[in-house]
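Below is one structure, written out as structure tokens, with a few remarks after it.
The values are calculated or read from the model by the stated rules, or taken from the named source; none is laboratory data. Bear in mind that the values here come from a model prediction, so they are computed numbers and not experimental data. As a convention, Cβ positions derive from the backbone with ideal geometry for all residues, glycine included, and neighbour counts pool all protein chains shown. Ligands, DNA and RNA are stripped out before the accessible areas are found, and what is left, the full protein with its side chains, is counted by its heavy atoms. Shrake-Rupley method; radii C 1.70, N 1.55, O 1.52, S 1.80 Å.
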Amino acid sequence: MNSYERNTGMVVCIIGVIVVGAILVGAFSYFGPAWSWGPTDTVYYSFDSLVGSASGTVNLDIDIEAGSVKIDFEDNTTLLYRVDVGVSNRTVQETGAPSVSFSSNTITLDYTALEANVTLGSGLNYTLNVVAGAGLIDCDVIHGAHVGDVSLTTTTGSIEFLMGSGVSVFGSPDFAFESTAGLVDLIINLPVGIGGSIEGAVAFGTVDIDAPGWTEVTSNHYESSDYDTADQKITVVAQSNTGTIEAHIS
């Protein structure tokens, strides 16, 4: 092997070391102190409450910096909420344990990084306001749910939302979905007698809306034939700065 080949090999090796080092530094910066060389233990918590004397509209308010939030409904008129949470042990040691509170008709979960499974009952009306800085929001509005306004937001991640036609909708709610970078995937089946409008917008990416039988207002905006005359209507707006919006609504 001549000196040129040896020098070339050395340069490639050095570049490889620099790239790997950059990746490791980036990973450490992203995951913070919870990231380590060895396996990270997970600590689990469970919170629940019955409806009791609660009445009116209950707001679910969740704000996490990273992780995932899964929301569904249970056909149970006595259940107010049940929240099961998984958090890395390192995060608990450094920031304390997560908590769920209920005050002024608001269920609140505010934490750094976790995985949460949230189950709501069927005895009260709920509005949903969920923010996940980096991660997944997966919401199924089914099983006797009573729902109003919905707002689901991620910075880097994806949103998956399913609504069945058998749910109860109160008022004429707004459904807002926003991902700065990621996928917004919607399947919405409107209950009988409720009008609908859906509009998607991306700065960089694609919008694919399937709205059979609806009127095309623009290529990314559709309305049901009874949207202007229906006593109740749902207005859906989905946005992504960089990503994809896929929606089926009927």
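Here are a few things to note about the model shown:
- Residue in region 196-204 that is under 19 Å from THR57 (Cβ atoms), open to solvent by less than 20 Å² (accessible area, probe 1.4 Å) and in contact (Cβ under 8 Å) with a residue 24 or more places away in the chain present: no
- Count of residues meeting criterion [of a type in the set (A, V, I, L, M, F, W, C) and at pLDDT below 95] in region 166-212: 1
- Candidate set: region 120-143, residues that are under 30 Å from GLN93 (Cβ atoms) and either among the β-branched types (Val, Ile, Thr) or outside any strand (DSSP E or B) (or both); chosen: the one most open to solvent (accessible area, probe 1.4 Å): VAL131
- For VAL141: the one exception among (1) closer than 22 Å to GLY56 by Cα; (2) more than 14 Å from the chain's Cα centre (by Cα): (2)
- Any hit, region 144-160, residues being touching a helix residue (DSSP H, G or I) at 6+ places or on another chain (Cβ under 8 Å), hydroxyl-bearing (Ser, Thr, Tyr) and part of a strand (DSSP E or B): no
- Condition check for SER172: touching a residue at least 60 places away in the same chain (Cβ under 8 Å) and of a type in the set (Ser, Thr, Tyr): yes
- Residue match in region 182-192 (condition: part of a loop (DSSP other than H, G, I, E, B) and open to solvent by less than 40 Å² (accessible area, probe 1.4 Å)): yes
- Filter pass, GLY86 being open to solvent by less than 40 Å² (accessible area, probe 1.4 Å) and either charged (D, E, K, R) or touching a Ser or Thr at 6+ places or on another chain (Cβ under 6 Å) (or both): yes
- Of all residues in region 155-175 being open to solvent by less than 50 Å² (accessible area, probe 1.4 Å) and touching a Gly at 6+ places or on another chain (Cβ under 6 Å), the one that is farthest from ALA238 (Cα to Cα): GLY171
- Within region 104-113, the set of residues being more than 14 Å from TYR126 (Cα to Cα) and either of a type in the set (A, V, I, L, M) or open to solvent by 30 Å² or more (accessible area, probe 1.4 Å) (or both) comprises LEU109, ASP110, THR112, ALA113.
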